[in-house]
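Enquirer: Dropping a structure here in structure tokens format, bear with me for questions.
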Number of protein chains: 2
Amino acid sequence: MRPARRIAAALALVIAALASPSAQVPGWLEPYREPVSRLIEAATTSDTAWERLAELTDSFGHRLSGSQGLADAIEWAMARMRADGFDVVRADPVKVPHWIRGRESLEMVEPRRERIPMLGLGMSVGTPAEGIEAELLVVSSFAELERRSEEARGRIVLFDVPYRGYSQTVAYRTNGAVHAARHGAVAVLVRSIGPQGLRTPHTGMLSYRPDVPPIPAAAIPVEDSKRLARMAARGNRLRLRLHMEARLGPDADSANVIAELRGRERPEEVVVLACHLDSWDVGTGASDDGGGCVAVWEAARLMLALDLRPRRTVRVVLFTNEENGLRGALDYRRRYAGELNRHVLMIESDLGVAAPTGFGFTGNDTAREQVRAIASMLAPIDAVHIGPSGGGADIGPSVDAGRIPAMSPEVDSSEYFRIHHTEADTIEQVDPRGLARHVAALAAMAYVVADMPARLGEVPGTR
Amino acid sequence: MRPARRIAAALALVIAALASPSAQVPGWLEPYREPVSRLIEAATTSDTAWERLAELTDSFGHRLSGSQGLADAIEWAMARMRADGFDVVRADPVKVPHWIRGRESLEMVEPRRERIPMLGLGMSVGTPAEGIEAELLVVSSFAELERRSEEARGRIVLFDVPYRGYSQTVAYRTNGAVHAARHGAVAVLVRSIGPQGLRTPHTGMLSYRPDVPPIPAAAIPVEDSKRLARMAARGNRLRLRLHMEARLGPDADSANVIAELRGRERPEEVVVLACHLDSWDVGTGASDDGGGCVAVWEAARLMLALDLRPRRTVRVVLFTNEENGLRGALDYRRRYAGELNRHVLMIESDLGVAAPTGFGFTGNDTAREQVRAIASMLAPIDAVHIGPSGGGADIGPSVDAGRIPAMSPEVDSSEYFRIHHTEADTIEQVDPRGLARHVAALAAMAYVVADMPARLGEVPGTR
């Protein structure tokens, strides 16, 4: 696909590299100039990652934990990885929650009948079969709910909270149900956690607490949330009817997929390239996180294809169940507890596969200096920046348990959060050129860290 | 709402006007400097239009011909126009088609089961109650369908045609059903006529022909169309199941709404400010064309409010049934056939209410020079450009019959066509500042044309 464009792009990179003054790098890095530039060239002149993502998302649809799509995608990935020639391809079995959305709808019944677009929140309980009909209370914060506690009893509460960035706003999705139930609400709605889309609801995980009755919870588009708030402000009495069949089935079989390129000298030392293969049950999880999976996988495959076998093992891990349970992450920590001290670095890609500006990194100062030096060789793809912290939900438990250096590509994630957890998370939102650069950066960084003479974070000769 | 921002914006305009060298205008225009600047200031410091649009779209939802929403919106508009103090407020009754969408769905059944977002095309027939299940044939043009005619029989045909601008691509929506049926297809799907959205199908009108059997027709999002095309190209056999309850009810009562500011000297000469109040049955028709309606209405109301009664009559016409029949447009032409020769200018706003760069205009050279001179006074709002042609679907029949000069605000309509005929056509896509400038341009242009000594297109003193 688009080979001419690819070749032109690659030539542009080569010209840029030749034109720019050679960056000063430590002596131990000099031998990596050549393999790094081969990896970058191979990544940026290939469509393999994008084509794999197309095949994954076209063939299996969404990949919610417990779904046939996820099970089929796991089989497919393992078959393809074996064909790629990885030394080890295996599935680490993991039991995962199986949340089933079922049919769902939200309707305004007063002052007039009208369907409102919605998505039930992941892990929400359903409504009774006849639905829940109640008057609406619109609040714009937890504090306003506290002040208007008397009005919440028996109502559906809408948190109409402006989006101020994902981490700043997501608490209304995660904890809204518990807050509303504490004040006697019968159901909760949240303005979708994301910038305004095109009437686009965003699903995502909620949390219940054992001491608070679980109430059904759903997200509505920004537009509808603002509209209901305007109508309430005009004094309209609003009645809504929510119907959700959502339920939890028994735990289902799933697995983390592991593929390894075994190290040629220190195979017991591992650099992990991680992502999660599960998704929400809307869209096809192309950016969250199918793209991360094809990117980390392709980064390792390129080492194989270019005959670049590093000193240490490069292990690709396609985690399961990131979205609603982290069971894959927890299984990895338990299963490899005895080996975490030989994990040199864990890298996760789960914020979209745009062209990275570098990496976020968490680790000691020596390691930071080393990855900064490695990143300086990524100037041809403008990925030289090392930010103050890196990590990911899937690698988090192991990183914490093993005090392992953690890294993640640094990307502009504003587009990612526009489509995150929506029906619009499809491959059409993934730029092939950005993805190719994402692969290039991952491949170069993982290869050098896996191959460098000193272990990352150690001063050469001190071991 | 936002009064501080409004005042700041207005001050900026005044400063810009003072700072810029005074444009040379013909002598007859000099007296209009002051009223034009009052109209601009009033429009750009007021939220009336946006607030009216919010009230319209929040209160009545969509306004498809034959719907309760349209009937209620007509009543509401007339009540508000009476309260505004227009000299004449009346409804010209019009019978309109009543197309009913009903429930509808599209599902992939092979190679796997999956719901595909869709919108039936307006005026489409429905499917049998059990739906239509058939193999899919994907083509990318009418020419490819001709070549593959043998494969179309008994199939559902998908026109996967890249969007190259609305007028360049809309024929696949309008005529796709007739083309496909001629080759024996049992139903037709089209890639939505619009740029890629967020998994956003676009509805819109189709045409059948008496000599070709009508088959059900629906639009699918760009993403799904491209995905089905990719799957077909990989050799997948695709089976889809389309279910649509769409049907035509008996013609319904509706009306064109007329509000007039009677001319103080030549009331029989009319400048029309037009829009259409009906919409598709998705979203709330905020841009198509609720925004046009509040804009033309507000332009006339500002003349009233500022006591600027022009020589000629300014007539606001909120047309009915633009989307699926043009019955309002045809009624106007018939009803006012004897008066069209006294229609000085017809202006329609139906391409979104962004800040205009000027106007498109169709008329004789004298008229063009006159409107160009008037537009030169719109420098403070950057709306001085006069483009080669203007018009609109609602004014079209009358313009043609009466050879009436025709005009439309010149706007960047790329955002309009992104949300046009979708669930995302809501007021959140309407920029209040753009709308205010739209109003300002309409008010100034309509006022001067209605008041200028010579009739538009005539050289002063030649009558």
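The values are calculated or read from the model by the stated rules, or taken from the named source; none is laboratory data. Just so it is clear, the model here is predicted, and its values are computed rather than measured. Cβ atoms come from the backbone with ideal geometry, glycine included; neighbour counts cover every protein chain shown.
Enquirer: With respect to the numbered conditions (1) closer than 24 Å to A:V282 by Cα; (2) under 28 Å from the mean Cα position of the chain (by Cα); (3) outside any loop (DSSP other than H, G, I, E, B), which one is the sole condition not fulfilled by B:M108?
Expert: With (1) closer than 24 Å to A:V282 by Cα; (2) under 28 Å from the mean Cα position of the chain (by Cα); (3) outside any loop (DSSP other than H, G, I, E, B) applied to B:M108, the lone miss is (2).
Enquirer: Another question about this same structure. Got a sec? Which of A:D253, A:D160 is touching a residue at least 12 places away in the same chain (Cβ under 8 Å) and under 25 Å from the mean Cα position of the chain (by Cα)? Can you show your working first?
Expert: Working: A:D160 fails: under 25 Å from the mean Cα position of the chain (by Cα).
Exactly one of A:D253, A:D160 is touching a residue at least 12 places away in the same chain (Cβ under 8 Å) and under 25 Å from the mean Cα position of the chain (by Cα), namely A:D253.
Enquirer: So, one more: Could you name every one of the helices (runs of 4 or more DSSP H) located completely within the range B:357-455 that has at least 1 residues being farther than 20 Å from B:L273 by Cβ? Talk me through it step by step, then tell me what you get.
Expert: Values: elements: B:365-375, B:396-402, B:414-419, B:432-451.
The helices (runs of 4 or more DSSP H) meeting that bar are B:365-375, B:414-419, B:432-451.
Enquirer: Right, something else. Within the range A:326-337, is there a residue that is within 18 Å of A:V430 (Cβ to Cβ), among the hydroxyl-bearing types (S, T, Y) and touching a residue at least 40 places away in the same chain (Cβ under 8 Å)?
Expert: Kept after step one, since they are within 18 Å of A:V430 (Cβ to Cβ), are these residues of the range A:326-337: none.
Checked against the condition, which is being within 18 Å of A:V430 (Cβ to Cβ), among the hydroxyl-bearing types (S, T, Y) and touching a residue at least 40 places away in the same chain (Cβ under 8 Å), the range A:326-337 yields no hits at all.
Enquirer: So, of the residues in the range B:319-330 that are part of a helix (DSSP H, G or I) and of a type in the set (A, V, I, L, M, F, W, C), which turns out to be surrounded by the fewest Cβ atoms within 10 Å (Cβ to Cβ)? Spell out how you get there, then give the answer.
Expert: Of the residues in the range B:319-330, the ones part of a helix (DSSP H, G or I) are B:327-330.
Applying the additional criterion that residues be of a type in the set (A, V, I, L, M, F, W, C) yields B:329-330.
Details: B:A329: 27, B:L330: 16.
In this case the residue turns out to be B:L330.
Enquirer: Could I ask something else about it? Based on what the data block shows, is B:V138 crowded, with 19+ Cβ neighbours inside 10 Å, farther than 22 Å from B:H420 by Cβ and within 14 Å of chain A (Cβ to nearest Cβ)?
Expert: In short, yes.
Enquirer: Against the definition (within 25 Å of the chain's Cα centre (by Cα), over 23 Å from A:A259 (Cβ atoms) and surrounded by fewer than 24 Cβ atoms within 10 Å (Cβ to Cβ)), how does A:T362 come out, yes or no? Outline the logic, then answer.
Expert: Values: within 25 Å of the chain's Cα centre (by Cα): yes; over 23 Å from A:A259 (Cβ atoms): yes; surrounded by fewer than 24 Cβ atoms within 10 Å (Cβ to Cβ): yes.
Yes, satisfied.
Listed here are the residues, each with its yes/no results for (1) part of a loop (DSSP other than H, G, I, E, B); (2) of a type in the set (V, I, T); (3) within 24 Å of B:G85 (Cα to Cα).
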| site | (1), (2), (3) |
| --- | --- |
| B:V257 | no, yes, yes |
| B:E260 | no, no, yes |
| B:E268 | no, no, yes |
| B:V272 | no, yes, yes |
| B:V317 | no, yes, yes |
| B:Y332 | no, no, yes |
| B:L351 | yes, no, no |
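Enquirer: Name the one entry in B:E458, B:E423 that is more than 14 Å from chain A (Cβ to nearest Cβ) and acidic (D, E). Please lay out each step first, then the result.
Expert: On the way: B:E423 fails: more than 14 Å from chain A (Cβ to nearest Cβ).
Of the residues listed, the single one that is more than 14 Å from chain A (Cβ to nearest Cβ) and acidic (D, E) is B:E458.
Enquirer: Let me ask something else. Limited to the range B:59-99, what total is found for residues that are charged (D, E, K, R), part of a helix (DSSP H, G or I) and either at pLDDT below 95 or in contact with a Ser or Thr (Cβ under 8 Å, 6 or more places away or on another chain) (or both)? I'd like the intermediate steps shown before the answer.
Expert: Narrowing the range B:59-99 to residues charged (D, E, K, R): B:63, B:72, B:75, B:80, B:82, B:84, B:87, B:90, B:92, B:95.
When the remaining residues are screened for being part of a helix (DSSP H, G or I), the result is B:72, B:75, B:80, B:82, B:84.
Those still in the list that are either at pLDDT below 95 or in contact with a Ser or Thr (Cβ under 8 Å, 6 or more places away or on another chain) (or both) too: B:72.
The number of residues fulfilling the criteria is 1.
Enquirer: If I filter the range A:380-398 down to residues being under 27 Å from A:T45 (Cα atoms) and among the β-branched types (V, I, T), which single residue comes out as surrounded by the most Cβ atoms within 10 Å (Cβ to Cβ)?
Expert: Among those that are under 27 Å from A:T45 (Cα atoms) and among the β-branched types (V, I, T), it is A:I381.
Enquirer: Residues of the range A:399-454 being of a type in the set (G, A, S), closer than 26 Å to A:D365 by Cα and crowded, with 24+ Cβ neighbours inside 10 Å, which ones?
Expert: Start the filter on the range A:399-454 by keeping residues that are of a type in the set (G, A, S), which leaves A:401-402, A:406, A:408, A:413-414, A:424, A:434, A:436, A:440-441, A:443-444, A:446, A:450, A:454.
Subset that is closer than 26 Å to A:D365 by Cα: A:401-402, A:406, A:408, A:440-441, A:443-444, A:446, A:450, A:454.
A:A406, A:S408, A:A440, A:A441, A:A443, A:A444, A:A446, A:A450, listed by residue number.
Enquirer: Got a number for residues in the range B:113-124 being more than 10 Å from chain A (Cβ to nearest Cβ) and either closer than 13 Å to B:L228 by Cα or under 21 Å from the mean Cα position of the chain (by Cα) (or both)?
Expert: Residues of the range B:113-124 more than 10 Å from chain A (Cβ to nearest Cβ): B:116, B:118-124.
Remaining after also requiring either closer than 13 Å to B:L228 by Cα or under 21 Å from the mean Cα position of the chain (by Cα) (or both): B:116, B:119-124.
The total comes to 7.
Enquirer: Tell me, please, whether a residue that is over 20 Å from A:L70 (Cβ atoms), buried (at least 24 other Cβ atoms within 10 Å of the Cβ) and of a type in the set (G, A, S) can be found in the range A:247-258. Steps first, please.
Expert: Within the range A:247-258, the subset over 20 Å from A:L70 (Cβ atoms) is none.
No, the range A:247-258 contains no residue that is over 20 Å from A:L70 (Cβ atoms), buried (at least 24 other Cβ atoms within 10 Å of the Cβ) and of a type in the set (G, A, S).
Enquirer: Please state which one of A:R199, A:R227, A:R155 is outside the structural domain of A:D288 (by TED's automatic domain parsing), buried (at least 18 other Cβ atoms within 10 Å of the Cβ) and either in contact with a Pro (Cβ under 8 Å, 6 or more places away or on another chain) or within 26 Å of A:T284 (Cα to Cα) (or both). Break it down into steps so the answer makes sense when it comes.
Expert: On the way: A:R227 fails: either in contact with a Pro (Cβ under 8 Å, 6 or more places away or on another chain) or within 26 Å of A:T284 (Cα to Cα) (or both); A:R155 fails: either in contact with a Pro (Cβ under 8 Å, 6 or more places away or on another chain) or within 26 Å of A:T284 (Cα to Cα) (or both).
Step by step, each of A:R199, A:R227, A:R155 is checked, and only A:R199 is outside the structural domain of A:D288 (by TED's automatic domain parsing), buried (at least 18 other Cβ atoms within 10 Å of the Cβ) and either in contact with a Pro (Cβ under 8 Å, 6 or more places away or on another chain) or within 26 Å of A:T284 (Cα to Cα) (or both).
Enquirer: If I ask for residues that are within 14 Å of chain B (Cβ to nearest Cβ) and part of a loop (DSSP other than H, G, I, E, B), which ones from the range A:191-233 would you list?
Expert: So in the range A:191-233, the residues within 14 Å of chain B (Cβ to nearest Cβ) come out as A:191-192, A:194-203, A:220-233.
Listed by number, the residues that qualify are A:S192, A:G194, A:P195, A:Q196, A:G197, A:L198, A:R199, A:T200, A:P201, A:H202, A:T203, A:P221.
Enquirer: Being touching a Phe, Trp or Tyr at 6+ places or on another chain (Cβ under 7 Å) and over 19 Å from B:T284 (Cβ atoms) is the filter; apply it to the range B:406-420 and report the residue that is farthest from the other protein chains (Cβ to nearest Cβ). Let's see the steps before the verdict.
Expert: Residues of the range B:406-420 that are touching a Phe, Trp or Tyr at 6+ places or on another chain (Cβ under 7 Å), as a first pass: B:407-410, B:417.
Subset that is over 19 Å from B:T284 (Cβ atoms): B:407-410.
Values: B:M407: 31, B:S408: 25, B:P409: 24, B:E410: 25 Å.
Per the criteria, the residue is B:M407.
Enquirer: Would you mind stating whether A:G61 is under 20 Å from the mean Cα position of the chain (by Cα), within 27 Å of A:D251 (Cβ to Cβ) and free of Cβ contacts under 8 Å to residues at least 12 places away in the same chain? Lay out the reasoning, then the answer.
Expert: Values: under 20 Å from the mean Cα position of the chain (by Cα): yes; within 27 Å of A:D251 (Cβ to Cβ): yes; free of Cβ contacts under 8 Å to residues at least 12 places away in the same chain: no.
It is false that A:G61 is under 20 Å from the mean Cα position of the chain (by Cα), within 27 Å of A:D251 (Cβ to Cβ) and free of Cβ contacts under 8 Å to residues at least 12 places away in the same chain.
Enquirer: Could you please find all residues in the range A:25-65 being charged (D, E, K, R) and more than 30 Å from A:A379 (Cβ to Cβ)? Break it down stepwise before answering.
Expert: If we filter the range A:25-65 for residues that are charged (D, E, K, R), which is where we start, we get A:30, A:33-34, A:38, A:41, A:47, A:51-52, A:55, A:58, A:63.
Within the range A:25-65, A:E55, A:D58, A:R63 meet the criteria.
Enquirer: Do you know which residues across the range A:283-315 are over 25 Å from A:A329 (Cα atoms), outside any helix (DSSP H, G or I) and out of contact with any Pro (no Cβ under 7 Å at 6 or more places or on another chain)? Walk me through it before giving the result.
Expert: Kept after step one, since they are over 25 Å from A:A329 (Cα atoms), are these residues of the range A:283-315: A:302-311.
From what is left, the residues that are outside any helix (DSSP H, G or I) are A:306-311.
The answer is A:L306, A:D307, A:R309, A:P310, A:R311.
Here is a yes/no grid of residues against (1) assigned to a strand (DSSP E or B); (2) at pLDDT 95 or above; (3) in contact with a helix residue (DSSP H, G or I) (Cβ under 8 Å, 6 or more places away or on another chain); (4) not polar (S, T, N, Q):
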{"site": "B:R115", "(1), (2), (3), (4)": "yes, yes, no, yes"}
{"site": "B:P128", "(1), (2), (3), (4)": "no, yes, no, yes"}
{"site": "B:A134", "(1), (2), (3), (4)": "yes, yes, no, yes"}
{"site": "B:A143", "(1), (2), (3), (4)": "no, yes, no, yes"}
{"site": "B:V161", "(1), (2), (3), (4)": "no, yes, yes, yes"}
{"site": "B:R173", "(1), (2), (3), (4)": "no, yes, no, yes"}
{"site": "B:G176", "(1), (2), (3), (4)": "no, yes, no, yes"}
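Enquirer: OK, next. From the list A:E104, A:E110, which residue is farther than 30 Å from A:I258 by Cα, within 14 Å of chain B (Cβ to nearest Cβ) and surrounded by fewer than 16 Cβ atoms within 10 Å (Cβ to Cβ)? Steps first, please.
Expert: Working: A:E104 fails: surrounded by fewer than 16 Cβ atoms within 10 Å (Cβ to Cβ).
Of A:E104, A:E110, the one residue that is farther than 30 Å from A:I258 by Cα, within 14 Å of chain B (Cβ to nearest Cβ) and surrounded by fewer than 16 Cβ atoms within 10 Å (Cβ to Cβ) is A:E110.
Enquirer: Determine, yes or no, whether B:A185 is out of contact with any Pro (no Cβ under 7 Å at 6 or more places or on another chain), on the phi < 0 side of the Ramachandran plot and away from chain A (no Cβ under 14 Å).
Expert: Numbers: out of contact with any Pro (no Cβ under 7 Å at 6 or more places or on another chain): yes; on the phi < 0 side of the Ramachandran plot: yes; away from chain A (no Cβ under 14 Å): yes.
Against the criterion (out of contact with any Pro (no Cβ under 7 Å at 6 or more places or on another chain), on the phi < 0 side of the Ramachandran plot and away from chain A (no Cβ under 14 Å)), B:A185 qualifies.
Enquirer: Scan the range A:173-184 for residues that are over 18 Å from the mean Cα position of the chain (by Cα) and surrounded by fewer than 24 Cβ atoms within 10 Å (Cβ to Cβ) and jot them down. Full working, then the answer.
Expert: In the first step, residues of the range A:173-184 are kept if they are over 18 Å from the mean Cα position of the chain (by Cα); the result is A:175-184.
Correct list: A:N175, A:V178, A:H179, A:A181, A:R182, A:H183, A:G184.
Enquirer: Please tell me if A:E55 is at pLDDT 95 or above, within 25 Å of A:G291 (Cα to Cα) and in a helix (DSSP H, G or I).
Expert: Details: at pLDDT 95 or above: yes; within 25 Å of A:G291 (Cα to Cα): yes; in a helix (DSSP H, G or I): yes.
Criteria met by A:E55.
Enquirer: Return yes or no: is B:D382 within 22 Å of B:I427 (Cα to Cα) and at pLDDT 95 or above?
Expert: Working: within 22 Å of B:I427 (Cα to Cα): no; at pLDDT 95 or above: yes.
Criteria not met by B:D382.
Enquirer: Among the numbered criteria (1) more than 22 Å from B:T127 (Cβ to Cβ); (2) surrounded by fewer than 18 Cβ atoms within 10 Å (Cβ to Cβ); (3) of a type in the set (S, T, Y), which one does B:S207 miss?
Expert: All conditions are met except number (1).
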